[in-house]
1. Against the longest alpha carbon principal axis of the chain, how many degrees, from 0 to 90 and to the nearest 10, is the axis of helix 80-101 turned?
2. So, in nm, how far is label GLN280 from label GLN313 when the simple model puts each one 7 Å beyond its Cα toward the Cβ?
3. I want the local charge near THR66. Using Cβ-Cβ distances under 9 Å, sum +1 for each Lys or Arg and -1 for each Asp or Glu among the other residues.
4. Using θ = phi - 60° and the Karplus curve 6.51 cos²θ - 1.76 cosθ + 1.60, what whole-Hz ³J(HN,Hα) does each residue of the range 340-355 get, with Gly and Pro shown as x?
5. Counting Lys and Arg as +1 and Asp and Glu as -1, each charge on the Cβ, what is the dipole of the range 117-376 about the Cα centre in debye, to the nearest 20?
6. Return one whole number: the accessible area per residue of the chain in Å², for a 1.4 Å probe.
7. In degrees from 0 to 90, rounded to the nearest 10, what is the angle of the helix 128-141 Cα long axis to the longest principal axis of the chain?
8. Accessible area of the chain with a 1.4 Å probe: how many percent of it is carbon plus sulfur?
Amino acid sequence: MKIVDAQVIVTNPGRNFVTLKITTDTGVTGLGDATLNGRELSVVSYLKDHVAPLLVGTDPHRIEDTWQLLYRGAYWRRGPVTMAAIAAVDVALWDIKAKVAGLPLYQLLGGASRERVRTYGHANGADLPELFDSVRARLAEGYTAVRIQTGVPGLKTVYGVHQGTAIAEADGVAGAPRLDQTARPVVEDWDTRAYLRHIPTVFEAVRNEFGPEIPLLHDAHHRLTPIEAARLGRSLEPYDLFWLEDCTPAENQDALRLVREHTTTPLAIGEVFNTVFDYQTLVGEQLIDYVRSAVTHFGGVSPLRKLFDYAAQHNIKSAIHGPEDISPVGMAAAIHLDLAIHNFGIQEYSGYTDRTHEVFQHAFTFTDGHLHPGEAPGIGVDLDEEMAAGHPYERAYLPVNRLADGTVHDW
Ligand code: CS2
Ligand code: MG
């Protein structure tokens, strides 16, 4: 079997998605997600100009060899662009292998370790009444675990909440970071002291309203120093969080040691990480509880499986990044992996616009807050190319974040 074509398809059925389609001489095709939110076209070029010519003529069954060739052979290793491109190839090749075997991908990864995959959804509100409505909406959709993000008094716009309107309602997609279609980043504002004062009061109110059972999560989105993060973790302990996410910019892995020493709130990190090397200290010293990398940004199913096996030795669980900027192709790959591994924790899932479900027809299903990859051979996603072409790329940025004096802060 040989690869005869590798095409990159860009479509915007509500937001930009980049998909690699690999075609073989037997007519079997495979899809991989290469979406890097806000920097999409860099991965398109990486794939089209540099990777596709290397793939044509090679054996699609040699997934590990192709992965190593693209990773080591480029000499310039790691980084989000490189690893998103490699991820797309890896997932497309797994899709082909599983289709040839006539099995859903999870069967090739060891088979199901559970009946279905628990997810969490996003609840957002500028203030408590709006937040409570949003939590109720997620519960009504069937979610059994909810991430809580709110506005902070005195700040106009905060991550997860936009201009006094819960993003879920504004964009029709739960938790979607608002993209500025005029192609300038939205500027949000930030005050760490105000945030640290406010957040424990929000969790107290949510627990009073919704009770002790429901798992609650929170994303600090890389904005705190280690000592601030330690304080937040400690102040949230009475509210029994499922996790506190990205409490510091975690590329400094040593920072988490201090956080860990001061709080028993579980910690989740890693959506911006690309390789196992980003986790060496964090996993090796058991400084975190959940690894957050996405199939799409971590080089694919092959290396993420290896990370999960490494994490398992340290009692750390999976929590694959699954916002709506991971396409249904990347999401499907994640769900197969979730179903197969033993140390599954939870899967993030915010749903997609109706148009996205039309463009990417998928076998995976969402019922009662749980996902299942379905039984279609491969990863179980088909891309309607004609429809995709009807929704062309639009330049869009993620927001940026500034302090009151204008200083750029982590977003
Ligand atoms: C977030 C993401 O889902 C999450 O936990 O941190 O929404 C993140 O902001 C986006 O994926 C950025 O593209
Ligand atoms: Mg996050």
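The values are calculated or read from the model by the stated rules, or taken from the named source; none is laboratory data. Keep in mind that this is a model prediction, so the values were computed, not measured. All Cβ positions, even for glycine, are placed from backbone atoms using ideal geometry, and neighbour counts span all protein chains on display. To get the accessible areas, we keep the full protein, side chains included, count just its heavy atoms, and leave off ligands, DNA and RNA. Shrake-Rupley method; radii C 1.70, N 1.55, O 1.52, S 1.80 Å.
1. 50
2. 1.4
3. Summing Lys/Arg as +1 and Asp/Glu as -1 gives -3.
4. Per residue, the Karplus-derived 3J(HN,Hα) values read 8, 6, 7, 8, 5, x, 6, 10, 6, 8, 10, x, 9, 5, 4, 4 Hz.
5. 360
6. Per-residue accessible area for the chain comes out at 39 Å².
7. 40
8. Of all accessible area on the chain, carbon and sulfur atoms account for 51 percent.
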